[in-house]
1. List the residues of segment 43-68 whose backbone N lies under 17 Å from a point placed 7 Å from the Cα of residue 33 along the Cα-to-Cβ direction.
2. Excluding residue 601 itself, what net charge comes from residues whose Cβ is under 9 Å from its Cβ, given Lys and Arg +1 and Asp and Glu -1?
3. Read phi for every residue in segment 167-173 and hand back ³J(HN,Hα) as whole Hz from Karplus 6.51 cos²θ - 1.76 cosθ + 1.60, θ = phi - 60°, with x for Gly and Pro.
4. Excluding residue 472 itself, what net charge comes from residues whose Cβ is under 14 Å from its Cβ, given Lys and Arg +1 and Asp and Glu -1?
5. FRET efficiency for residue 432 and residue 277, Cβ-Cβ distance as r, R0 = 51 Å, nearest 0.05?
6. Cross-link list 336/654; 38/654; 33/116; 488/654; 437/654; 96/654: which exceed 22 angstrom alpha carbon to alpha carbon?
7. Quote the FRET efficiency, to the nearest 0.05, computed for residue 62 versus residue 686 with a Förster distance R0 of 41 Å and r equal to the Cβ-Cβ distance.
Amino acid sequence: MAALPPRKNPTPTKISRQHLSPLQILLQMGFPKHRAEKALSATGHRGVQLASDWLLAHVNDACLDLDTPREYVVYLCPTGLLHEQVQSFWIESLQKCGWNGAHNLVPHITLCSFFKSNDENCELLVSALKEVVHSIMTALPSSLTLDKYISPNYMGLFLNDHQADILKKLAVTYVKEVAHLFEAGCYDKVEVMAACLPWCTGTTHAEQHCTAGEAATKALHLTLAYQFSPSQFSRLEKLVDIVDPQAPAAWEVRLYSRDTRILGNEVHKVLYSHVPRNPDELELLIGDFVYVNGDSLASSPDGWVEGTSWLTGSAGFLPISYIERTAESDAWTLHKAIPVIGNTVIEGLDTLSLPRRPPISLSLLNLLENSEGSRRSTEVLSESSSVDRLHSRQASLDAMQAQPLPQHDVLEVLYAKVKKPKKEGPLYKFPIDGPRKIIVARHGERVDFTFGDWIRFCFDEAGNYQRRDLNMPETLPHRKGAPHSFYKDCPLTNIGLLQATLVGQAMKASRTEVHHVFCSPSLRCVQTCTNILKGLGIAEHMPLNIEPGLFEWLAWYHDGMPVWMTLDELIEAGFNINKSYDPLIRKEEVKEPHESCEQYYGRNAYVTQSIINTTQAQGGTVLLVGHAATLDTCTRQLVGGAPRSAHEMTNIIKKVPYCSFAFASQENSGSWTLIEPPFPPVTHSANMRYDWKILVP
């Protein structure tokens with residue numbers, strides 16, 4: 001066969017999609033270059049899917065097409081026991097003394113103050129940081145020595161001069177490497193470099209928040225408290241004892257960035273979802289943050305304030321009672337965290353020392369999870385396959401998700417052998433005839449979402465409670481660690497108790513019987529369950545089975561799990577609790593803060609299916625009382641659906657108000673289906689707090 005002649009104009013080889021950069025893929029998808037670069041930098045260059053989700057979420061962002069560079073900062077951040085102690089100090093100081101400037105940021109030592117750089121430079125900034133850290137790694141000490149410093153207007157931990165000089169060298173080297181990328185404006189590069197090094201200038205951000213004197217501007221330091229009222233000094237001074245400067249710690253160099261719209265505003269987290277009723281209102285989604293002006297917040301005449309959503313970039317008016325101030329750094333993006341001191345550093349510096357999570361679906365809510373906040377310590381996802389091996393249950397969960405319903409043998413691998421709950425006493429004669437049903441209910445209105453930082457205003461220094469509103473509980477149950485233990489495990493409002501009672505009364509009126517009761521360990525769920533049974537008229541005869549497996553998504557508790565009331569404490573408080581019930585998932589197992597959304601669905605599906613199996617002989621209707629997502633997570637796989645993505649789940653949550661309920665019924669074929677509840681829902685409108693002073697002339 002004759003040889004093929006060479007072609008004069010060969011067609012260029014088509015680049016394989018797997019070799020395209022995320023930017024190239026986004027451009028092929030039709031996104032403009034400036035938008036694609038903005039999305040990648042805002043999401044920390046964590047993939048095409050996340051960036052495209054960000055772009056779709058920001059379609060109504062008025063700043064989407066503006067040439068506004070992000071601001072970057074380099075911190076040295078502690079992990080380990082020292083970090084935990086600083087966080088504990090901040091929580092107590094916030095509750096007892098109110099907000100001060102330190103609460104606004106992640107625990108850190110500033111290496112390089114904020115500088116602006118365009119979106120196309122984002123990856124260059126990360127690469128430069130990796131190279132600089134690698135070049136100076138051998139000169140870094142094995143640990144850091146910190147000394148406590150207290151003055152009338154500043155409290156912090158200061159690094160000794162020798163170690164500080166080494167870290168300053170790291171910062172100076174990095175600033176020199178990226179100086180040509182700075183958005184310098186009218187300054188030359190040297191002046192911009194000086195402004196980024198907090199010990200080189202008297203006008204830096206660091207000096208603005210560190211007023212302990214000249215030494216504070218020249219020494220590297222970790223701030224504990226500043227910008228506090230002089231009247232709080234003595235109380236803060238006592239609380240500082242929580243922090244041991246010599247506590248074991250590992251340290252990481254981190255590169256963060258922020259949207260410049262944060263400047264001049266406060267960052268508030270969304271406590272309660274809100275669907276706009278007027279065109280100028282802002283939709284609120286639980287898990288989102290909003291930027292609001294502090295002065296406008298304080299002077300609002302009607303309980304509404306204008307804000308901008310971190311999640312969507314949209315602006316509009318929102319109810320003040322639906323948000324609560326949080327650290328500004330909660331709304332930052334973490335681009336890189338490199339372990340440098342006290343860590344086992346893996347070659348290449350790509351392995352992060354922050355806690356790991358298994359791979360998760362890339363959806364818009366993952367953006368919420370992956371943008372690190374000071375109180376959540378959320379990690380950057382590593383591309384390393386070793387992530388999978390750090391979670392022993394991941395493979396089993398993946399196998400379970402391939403089935404239409406949870407399979408018994410797979411679930412036993414996940415959460416140990418199924419344990420049968422105790423029968424519920426003589427109220428009913430078992431077995432119960434008729435089709436089996438499951439009722440899943442959300443708890444009632446909670447105090448913290450209604451009143452915000454209620455603990456600080458309702459408890460005195462001795463820990464005595466006084467209600468400040470008629471919708472607050474008249475008394476609170478005694479529990480260990482109070483009042484701080486109420487911080488993540490709050491009670492219901494009086495409206496919440498009424499909501500639950502109304503649901504129980506509606507069940508009774510519709511002749512809906514309940515034969516088995518299982519409840520999340522959260523106090524608000526225990527109260528809701530109890531009042532539902534009171535409305536049914538069976539509370540005294542129907543003990544509650546406390547099931548930790550019904551607790552909500554653990555990914556929302558990166559800063560630590562609640563300390564629930566013990567069974568003895570609940571019984572002492574007057575609740576009818578079944579002490580002999582052996583939980584399907586023990587409370588010690590409910591502690592993994594990196595639980596994926598799929599794992600959450602799997603956990604609740606396991607609990608639901610196991611309860612069905614272990615009560616099969618008795619028959620009858622099961623009542624499960626949990627949280628907003630519980631209505632879906634406990635029924636989704638039961639009726640043959642696949643676990644939802646995190647984004648899909650949150651869309652469900654915002655449509656599930658307090659004391660909502662779901663009904664599922666088993667058909668003759670053995671399959672389950674969702675059915676219309678036999679009674680109507682309970683609805684009420686938001687009621688702003690009344691201030692009698694409006695009547696004063």
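1. Counting only backbone N, you get 65-68.
2. Once all neighbours under 9 Å are counted, the net charge is +1.
3. Once rounded to whole Hz, the list reads 5, 5, 4, 4, 5, 4, 4.
4. +1
5. My answer for the efficiency is 0.70.
6. 336/654; 38/654; 437/654; 96/654
7. Step by step, r from the Cβ atoms, then E = 0.90.
Throughout, read-outs are computed from the coordinates displayed, never taken from laboratory work. This is a predicted model, so every value here is computed, not measured. Note: ideal-geometry Cβ built from the backbone for every residue, glycine included; neighbour counts use all protein chains shown.
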